[in-house]
Amino acid sequence: MSTTEKLNGYGPLAGVKVVELCEWVAAPAAVRCLSEMGATVIKVEPPYGDAQRTQGPGFGCEQTDMEDPTIDLNNTNKNFVSINLKNEEGMKFMKKLLADADIFVNNLRDKALIKMGLDYETLHKEFPKLIWAQMRGYGEYGPEKDSPGFDAVCWAARGGVANVFREDGESPAIAPQAFGDYNVGHMLATGILGALFNRTRTGKGEKVVTNLYAGAIWGGNIGICATQFGAPYPKSRKHVPNPFNNTYRTYDEKWIYICMPQYDKYYPMMMGLFDRADQVDNPDTNNLTSLKASGKNVEVIEWLEEAFAKKTFDEWMAIFKENQVPAQKCFRYTDVVKDEEAYDNDALRMVEYDAWGKRALPMTPVRFGSYGDPPVILSKPIGYHTAEFMKDYGYSDDEIAKIAEDGGVVVYDGPEIEDKIFVSKRQAAGEAPCNW
């Protein structure tokens, strides 16, 4: 049984067929967004598999021949087919998959796509209703258009992230690997959905493209704007323009992040909370325009630092909750994986591995009221569903065996793996329906 059949028609994209020719993170993550909306996803891997299958130890994770958590991060609810696209029979099978697909997603470079005849122009002529989507490192034009790209170089380095997220005066930050991939992956999924809707009106396919560099620039909106007005990044927390949008250390050595962007409106209240009522009428500090002109933001930050150092984290959080001041402890991921808020809202979901037991899986963040939390089935080994889908397209057992023997496809021949569905915390408790 295919993964899609196990999902039993779940989701707003049920019946939409996606063929994925992607590896690594960003593009597969975009398709994961579609798979958890119910789309039928056929992930086409080369005979050696998605390169991401080699990356677990490099991320600090573990893997076995049968289980790979880093592959699961990008590939839930997919069907796994392995095709050698350099083989004539392999390519014929690929074209059969594309012939009745709604969406084709890839992250190959243009030269490779053109060589194989999988570029937009070629496929649009052959399959005019097909939505063709591509994830790139850089844009389609300019000197970097043919350059290889990963989020570390396109998003974090060139996109400014590594050099502006750091504290001023420190070395560039090392963002968690694939941080940009997941953000930009969701952007590609959004574009695909726009094209899918537009096809209902035009009957025509579309080309959808995004890239990691552009995604970083979009995420840096305010910083890029502020830089042009003399407020460049990186910043020191001791010199931020708005002292009410900053991090502070408490008496018990914990860090709180407060965010009160309406500085002028809440200045009197905040001065009261920090025992500086004597400064309420200070014309140099009681509004952001004057604060910028006077340069006394540093002084206000010092007032707050002194106040924070006198009370514990719990004491400050009680004060902030009572006065509706947006504030949170600065979490590490060790805090996030224990945070019940994340499980209550299905931002994290527990899955279980034979090798390691229960682990938290980050979930795609969009929910539909009519469908609720999506079912999740973890990934499979290379070529797990190849034979099944070839049979669906009319290949006999003998034909499949011959094509596999000639190197056109890879057919999994290991033990059967249970399609276990993992549900959300609320579903497991009977507090939310399982709509599949």
The chain: most fluctuating residue of 133, 327, 29 per GNM, C-alpha cutoff 10 Å:
327
Based on C-alpha coordinates, I'd like the Rg and Dmax of the stretch 156-314, in Å.
20.9, 68
Which residue fluctuates the most in the chain, going by a Gaussian network model with Cα springs under 10 Å, if the choices are 384, 343, 141?
141
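State the extension gain, in nm to one decimal, for the chain segment bounded by residue 275 and residue 257, taking 0.36 nm per residue of separation less the distance between their alpha-carbons. The partial results should precede the final answer.
Working: separation 18, 0.36 × 18 = 6.48 nm, distance 1.88 nm.
Contour length minus the Cα-Cα distance gives 4.6 nm.
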When the scattering of the stretch 242-286 is computed by the Debye formula from its Cα atoms alone, each counted once and equally, what is log10 I(q)/I(0) at q = 0.20, 0.22, 0.27 Å⁻¹?
-0.68, -0.80, -1.02
Between residue 293 and residue 66, what length comes free when the chain is fully extended (0.36 nm per residue of separation minus the Cα-Cα distance, one decimal in nm)?
75.5 nm
In the stretch 379-424, what GluC sites (Glu not before Pro) fall in a loop by DSSP, with at most 10 other Cβ atoms inside 10 Å?
416, 418
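Could you tell me what percent of the accessible area of the chain is made up of carbon and sulfur, with a 1.4 Å probe and every protein chain present? Numbers along the way, then the final one.
Numbers: 11740 of 22100 Å².
Exposed carbon and sulfur together represent 53 percent of the surface.
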In vacuum, with every alpha carbon of the stretch 293-415 counted as one equal point scatterer, what does the Debye formula give for log10 I(q)/I(0) at q = 0.11, 0.13, 0.17 Å⁻¹? Two decimals, please.
-0.72, -0.85, -1.05
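Which three semi-axes in whole Å describe the equivalent ellipsoid of the stretch 359-435, each the square root of 5 times a Cα gyration tensor eigenvalue, listed largest first?
Details: eigenvalues 259, 37, 23 Å².
For the stretch 359-435, the ellipsoid semi-axes come out as 36, 14, 11 Å.
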For residue 235, counting only aspartates and glutamates whose alpha-carbon sits under 20 Å away and dropping same-chain residues fewer than eight positions off, the answer is 167, 168, 170, 299, 302, 305
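As an exercise, take the mean of 1/r over every pair of distinct alpha carbons in the stretch 128-180, invert it, and state the Kirkwood radius in angstroms.
Numbers: mean 1/r = 0.0782 Å⁻¹.
In the stretch 128-180 this quantity evaluates to 12.8 Å.
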Please work out the average accessible area per residue across the chain, using the 1.4 Å probe convention, and give it in Å².
51 Å²
Note the count of lysine pairs whose C-alpha atoms are less than 23 angstrom apart in the stretch 316-436, limited to pairs 8 or more residues apart or on different chains.
11
So how tilted is helix 26-35 from the main axis of the chain? Cα-based, degrees 0 to 90, rounded to 10.
80 degrees
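Based on the Cβ-Cβ distance of residue 356 and residue 429, what FRET efficiency does E = 1/(1 + (r/R0)^6) give at R0 = 30 Å, to the nearest 0.05?
Numbers: r = 24 Å, r/R0 = 0.79.
In this case the efficiency is close to 0.80.
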Per the Kirkwood treatment, what hydrodynamic radius in Å, one decimal, follows for the chain from the mean inverse distance over all distinct Cα pairs?
24.5 Å
If I take every Cα pair under 8 Å that is 6 or more residues apart in the chain, average their sequence separation and divide by the length, what percent do I get for the relative contact order?
19 percent
Lys pairs in the stretch 1-108, Cα-Cα under 16 Å, at least 8 apart or on separate chains: how many?
11
What is the Cα centroid distance between the stretch 49-71 and the stretch 87-109, reported in whole angstrom?
25 Å
In Å, what Rg and Dmax follow from the Cα atoms of the stretch 138-239?
16.6, 56
Taking Cα atoms only, Rg over Rh for the stretch 1-160 with Rh from the Kirkwood formula is 0.96
Helix-derived [θ] at 222 nm for the chain: sum -39500 (n - 2.57) over DSSP H runs of at least 4, divide by residue count, nearest 500?
-10000 deg cm²/dmol
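Average projected area of the Cα convex hull of the stretch 15-68, in nm²? The partial results should precede the final answer.
Details: hull surface 16.8 nm².
Computing the convex hull of the Cα atoms and averaging its projections yields 4.2 nm².
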What are the ³J(HN,Hα) couplings of the stretch 151-165, residue after residue, when phi is run through the Karplus curve with 6.51, -1.76, 1.60 and θ = phi - 60°? Round to Hz, x for glycine and proline.
5, 4, 9, 7, 8, 6, 7, 5, x, x, 4, 4, 9, 10, 7
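Calculated FRET efficiency, residue 100 and residue 147, Cβ-Cβ r, R0 35 Å, to nearest 0.05? Mind dumping the intermediate values first?
On the way: r = 34 Å, r/R0 = 0.98.
FRET efficiency, residue 100 to residue 147: 0.55.
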Report the gain in length on full extension from residue 165 to residue 417: 0.36 nm times residue separation, minus Cα-Cα distance, nm rounded to one decimal.
86.5 nm
Viscosity 0.692 mPa s, temperature 37 °C: give me the Stokes-Einstein translational D for the stretch 184-278 in µm²/s, with Rh taken as the Kirkwood radius over C-alpha pairs.
186 µm²/s
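Using the Kirkwood radius over C-alpha pairs as Rh, can you work out the diffusion coefficient of the stretch 44-137 via Stokes-Einstein at 10 °C, viscosity 1.306 mPa s, in µm² per second?
Numbers: Rh = 14.9 Å.
Translational D for this selection: 106 µm²/s.
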Please report, in Å, the Rg and the Dmax of the stretch 186-227, where both are computed over Cα atoms only.
14.0, 44
Running a GNM on the chain with Cα contacts under 10 Å, which residue among 269, 187, 116 ends up with the highest mean-square fluctuation?
269
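The values are calculated or read from the model by the stated rules, or taken from the named source; none is laboratory data. Computed from a prediction, not measured in an experiment: that's the story for all the values here. Ideal geometry is used to build each Cβ from the backbone, glycine not excepted, and the neighbour counts take in all protein chains shown. For the accessible areas, the whole protein counts, side chains as well, though only heavy atoms, and no ligand, DNA or RNA atoms are used. Shrake-Rupley method; radii C 1.70, N 1.55, O 1.52, S 1.80 Å.
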